[in-house]
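Engineer: Before I ask anything, here is the structure I am working with.
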Amino acid sequence: MRVAHLTSADPDVVAHDLDRPYLEVAFAERGLELVSCAWEDPSVDWEGFDMIMVRSPWNYVEHEDEFRRFLRRFGASPRLHNPAAVIDWNLDKHYLDELAALGVPVIPTTYVHDGRDVTDALANNSDVDVVVKPTVSAGSRLTGRFAAGDRRAESLAHEILADGRAVMVQPYLDSVDTEAEYAVIVIDGEIAHRARKAQILEVGGTFVGGEYREVLTPTPVDHELDAAARRAAEACRDLVRARGWLSADAELLYARYDVARSAEGAVLLEAELFEPALFLPVAPASAALLAAAVDRRIASIPSS
Ligand SMILES: Nc1ncnc2c1ncn2[C@@H]1O[C@H](COP(=O)(O)OP(=O)(O)O)[C@@H](O)[C@H]1O
Ligand SMILES: [Mg+2]
């Protein structure tokens, strides 16, 4: 069986995909050949794969329309995971609002679609550091943390709007610095592992250490954070089933839920349903769980 590992042609992207070597080994152990394919490469014969597993197409952020168009060719194909419609929904973080409406505790977020609303949105968060970021993003692109009143927050918001994206304004959660983000990786409906991701944003619009870098560590279970991630996972599963993007008894192949503590309790920062780094360097055994889940899906697809 052949599985396409969907990535990008951008060498910077490929260099950041730390899961790939673990997957390669685990898939080979199950007799699955994993072939890296760039989504932008017109010469790829997608029909020639038993499964197409979306993993690291992380430059979609700069090519959103092309990427959405690329996905459309798969329609509701059971060979693409997660399904194209799920990706289309999950690509834009307005989904956080829908999850909040379903009762998931979500980081308080003000969405700004018009330059005239920037000042008011920033004024809402006047006693804490503020995060300004685009609704479509990966790898902290155009993402900044600023002290209250720093005019650079406004500039970044206008830059994001000029880039064609809506802006998200959030309070900066200090727990990200003091105890790190808490990521729950779910494979085929079961929690596979958890990891901590250290602080990334420095006050003033820069990154810790001068460049974007994810520092990951394994973590023991934290019941409060876990509960928030589980609620997010249930809400996402129910939503994608209700919309007919997954059948009523199916699970997403994989997902990652990033949560952090706030004064009001644990909140969801992100539900990554199509391109999460799975943080396999801190949990190598989970690669075999994913290979097994892919194997089960391939076995259940009626041959054409
Ligand atoms: N409200 C926030 N509070 C604390 N840290 C944040 C907040 N929003 C973003 N960050 C930091 O910025 C990083 C990137 O933001 P995120 O929303 O995860 O976007 P993406 O990973 O899609 O670029 C996070 O991993 C986290 O370190
Ligand atoms: Mg993130």
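Taken together, the values in this text are just the output of simple stated rules run on the coordinates, not laboratory data. The model shown is predicted, which means the values in this text are computed figures rather than measured ones. Every residue, glycine among them, receives a Cβ derived from its backbone with ideal geometry; neighbour counts consider all protein chains shown.
Engineer: Evaluate the relative contact order of the chain (contact order divided by residue number), counting alpha-carbon pairs under 8 angstrom at least 6 apart; express in whole percent.
Structural biologist: 21 percent
Engineer: Still on this model: For n ≥ 4 DSSP H runs only, could you compute -39500 (n - 2.57) per run for the chain, divide by its residues and tell me the 222 nm figure to the nearest 500?
Structural biologist: -9000 deg cm²/dmol
Engineer: Moving on. Karplus couplings for segment 199-213 from phi (6.51 cos²θ - 1.76 cosθ + 1.60, θ = phi - 60°), rounded to Hz, Gly and Pro as x?
Structural biologist: Each residue of segment 199-213 in turn: 3, 10, 8, 9, 4, x, x, 10, 9, 4, x, x, 9, 5, 8 Hz.
Engineer: Give me the distance between the Cα centres of segment 253-298 and segment 37-85, rounded to whole Å.
Structural biologist: Between the Cα centre of segment 253-298 and that of segment 37-85, the gap is 20 Å.
Engineer: How large is the translational diffusion coefficient of segment 67-198 in µm² per second when you combine the Kirkwood radius over alpha carbon pairs with Stokes-Einstein at 10 °C and 1.306 mPa s?
Structural biologist: 95 µm²/s
Engineer: To the nearest 0.05, what FRET efficiency results for residue 242 and residue 33 with a Förster distance of 35 Å applied to their C-beta separation?
Structural biologist: Result of the calculation: an efficiency of 0.50.
Engineer: Just subtract the alpha-carbon distance of residue 227 and residue 113 from 0.36 nm times their residue separation and send over the number in nm, one decimal.
Structural biologist: 37.8 nm
Engineer: Tell me, what ³J(HN,Hα) does each residue in segment 262-276 have, in order and in whole Hz, if you take phi through Karplus 6.51 cos²θ - 1.76 cosθ + 1.60 with θ = phi - 60° and put x for Gly and Pro?
Structural biologist: Couplings: 10, 4, 8, x, 6, 10, 7, 9, 7, 10, 9, 10, 9, 9, x Hz.
Engineer: Explain nothing, just compute: Karplus ³J(HN,Hα) = 6.51 cos²θ - 1.76 cosθ + 1.60, θ = phi - 60°, for every residue of segment 232-239 in order, whole Hz, x for Gly and Pro.
Structural biologist: Ordered by residue, 3J(HN,Hα) equals 5, 5, 5, 5, 5, 4, 5, 5 Hz.
Engineer: If you don't mind, there's one more thing I want to ask. When Rg is the radius of gyration of the Cα atoms in segment 110-171 and Rh is its Kirkwood radius, what does Rg/Rh come to?
Structural biologist: Checking Rg against Rh, the ratio lands at 0.91.
Engineer: On a full-extension model of 0.36 nm per residue, what is the gain between residue 88 and residue 163, subtracting their alpha-carbon distance, rounded to one decimal in nm?
Structural biologist: Gain in length upon complete extension: 25.1 nm.
Engineer: Something else now. By what distance, in whole Å, do the Cα atoms of segment 174-281 stretch along each of the three principal axes, largest value first?
Structural biologist: Over segment 174-281, Cα extents along the principal axes are 45, 28, 25 Å.
Engineer: Sequence-distant or interchain residues sharing an amide H contact under 5 Å with residue 207, placed H: which?
Structural biologist: Here the answer is 202, since their amide H atoms fall under 5 Å of that of residue 207.
Engineer: Under the √(5λ) rule applied to the eigenvalues of the Cα gyration tensor, what semi-axes describe the equivalent ellipsoid of the chain? Give them in Å, descending.
Structural biologist: Value: 32, 21, 19 Å, ordered largest first.
Engineer: Rounded to the nearest 0.05, what FRET efficiency is calculated for residue 14 and residue 123 with R0 set to 30 Å and r the Cβ-Cβ distance?
Structural biologist: For R0 = 30 Å, the calculated efficiency reads 0.10.
Engineer: Among 250-261, 69-80, 99-110, what's the highest-first ranking by average C-beta atoms within 10 angstrom per residue?
Structural biologist: Those peptides, ordered most packed to least, come out 250-261, 99-110, 69-80.
Engineer: Starting from the Cα-Cα distance between residue 203 and residue 41, subtract it from 0.36 nm times their residue separation and give me the gain in nm to one decimal.
Structural biologist: Computed gain between residue 203 and residue 41 is 54.5 nm.
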